[in-house]
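Notes follow the structure.
The values are calculated or read from the model by the stated rules, or taken from the named source; none is laboratory data. It should be emphasised that the depicted structure is a prediction, and the values quoted were computed from it without experimental measurement. Note that we place each Cβ from the backbone using ideal geometry, even for glycine, and neighbour counts take in every protein chain shown.
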Amino acid sequence: MKIMNEDLKKFIETCKVHNHYDFYNTPETDFESVHQKFNWIRDESNLPSLKLSINFPYEKVWEEVKSIEHRFVKHRGEKHPGWESMCIHGVNTEQTDDWRSPIYQDKGYTEKPLHTWTDIADNCPVLKSWLSDVFPGEGGYDRIRFMMLRPGGYIFPHQDYDNRSLNAVNVAINNPEGCEFAMEDAGTIPWMPGDVRAIDIGRKHCVYNGSSEDRIHIIIHGNHNVKFKQLVCDSYDHLLKNLSMA
């Protein structure tokens with residue numbers, strides 16, 4: 001078990017001063033369309049995460065990913081010990097960062113390369129079917145990655161984008177007790193296995209796996225079609241109803 005980095009520990013403790021939905025906004029006017037409402041939820045609601053109202057076959061996907069565990073590669077260097085990844089959809093299985101990342105300068109990319117199912121997709125028929133037939137991603141996927149954090153590992157506090165919005169979807173295949181996803185001014189995400197959440201990774205965040213098990217999630221990037229936008233709007237209404245009853 002790795003010893004928790006002191007700066008990481010302080011960041012998590014600072015985050016825990018708040019609950020996850022301390023500072024969310026509510027709209028001041030009605031929306032004229034699903035598109036308008038979705039754009040407001042994504043960019044103006046200040047939600048750190050939004051649990052989507054969709055089922056995910058996490059137990060079967062766990063079996064699939066563990067069968068190809070040897071394909072994981074180190075992700076983002078030694079600053080984030082124990083963090084590994086592999087792509088089921090992208091440029092290839094091992095290219096886990098955005099294609100514009102400086103680490104791929106040797107590839108000579110001048111424009112976005114083709115993103116498609118990688119060579120591990122056939123090992124994950126349940127997940128591929130869910131992504132193709134259940135999750136509303138018909139608008140086209142970019143990177144879809146398995147993200148593993150080994151026991152004692154951590155993802156150091158960082159933000160992935162300069163803008164603040166719900167700009168990625170994170171799916172919990174599992175989330176062992178003692179594993180914390182802390183977000184600035186937003187406490188920790190109350191993950192449960194099978195949760196599918198839109199998350200604001202433009203907000204500073206970190207993850208620490210204080211358990212004795214691998215923690216494996218999926219991150220989905222892609223275009224937003226009408227079905228996805230409706231799912232976000234319905235999930236937002238469900239969240240507000242639950243918060244008002246709390």
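Residues in region 124-170 that are among the hydrophobic types (A, V, I, L, M, F, W, C), in contact with a helix residue (DSSP H, G or I) (Cβ under 6 Å, 6 or more places away or on another chain) and surrounded by 20 or more Cβ atoms within 10 Å (Cβ to Cβ): Cys124, Leu127, Phe146, Leu166. So is Ser45 of a type in the set (Gly, Ala, Ser) and closer than 30 Å to Glu28 by Cβ or not? Spelling it out, Ser45 is indeed of a type in the set (Gly, Ala, Ser) and closer than 30 Å to Glu28 by Cβ. Looking at region 70-81, is at least one residue modelled with pLDDT of 95 or more, of a type in the set (Lys, Arg) and touching a Lys or Arg at 6+ places or on another chain (Cβ under 6 Å)? Among the residues of region 70-81, not one is modelled with pLDDT of 95 or more, of a type in the set (Lys, Arg) and touching a Lys or Arg at 6+ places or on another chain (Cβ under 6 Å), which makes the answer no. Taken over region 64-75, the residue count meeting the criterion of being of a type outside the set (A, V, I, L, M), surrounded by 13 or more Cβ atoms within 10 Å (Cβ to Cβ) and over 14 Å from Arg150 (Cβ atoms) is 2. The set of residues in region 32-45 that are buried (at least 19 other Cβ atoms within 10 Å of the Cβ) and part of a loop (DSSP other than H, G, I, E, B) contains only Ser45. Being surrounded by fewer than 21 Cβ atoms within 10 Å (Cβ to Cβ), under 16 Å from the mean Cα position of the chain (by Cα) and not hydroxyl-bearing (Ser, Thr, Tyr) is a property that does not hold for His89.
Checking each residue in region 196-246 for being small (Gly, Ala, Ser) and surrounded by fewer than 22 Cβ atoms within 10 Å (Cβ to Cβ) picks out Gly202, Gly210, Ser211, Ser212, Gly222, Ser235, Ser244, Ala246. Restricting attention to region 97-112, does a residue exist that is hydroxyl-bearing (Ser, Thr, Tyr), surrounded by 14 or more Cβ atoms within 10 Å (Cβ to Cβ) and within 19 Å of the chain's Cα centre (by Cα)? Within region 97-112, none of the residues are hydroxyl-bearing (Ser, Thr, Tyr), surrounded by 14 or more Cβ atoms within 10 Å (Cβ to Cβ) and within 19 Å of the chain's Cα centre (by Cα).
Table: residues versus (1) at pLDDT 95 or above; (2) of a type in the set (Ser, Thr, Tyr).
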residue	(1), (2)
Glu94	yes, no
Arg100	no, no
Ile103	no, no
Lys107	no, no
Trp117	yes, no
Phe146	yes, no
Tyr154	yes, yes
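Reported count of residues in region 66-108, each being under 23 Å from His158 (Cβ atoms) and part of a loop (DSSP other than H, G, I, E, B), is 18.
Listed here are the residues, each with its yes/no results for (1) of a type in the set (Lys, Arg); (2) assigned to a loop (DSSP other than H, G, I, E, B); (3) under 23 Å from His75 (Cβ atoms).
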| position | (1), (2), (3) |
| --- | --- |
| Tyr161 | no, yes, yes |
| Leu166 | no, yes, yes |
| Lys227 | yes, no, no |
| Leu243 | no, no, no |
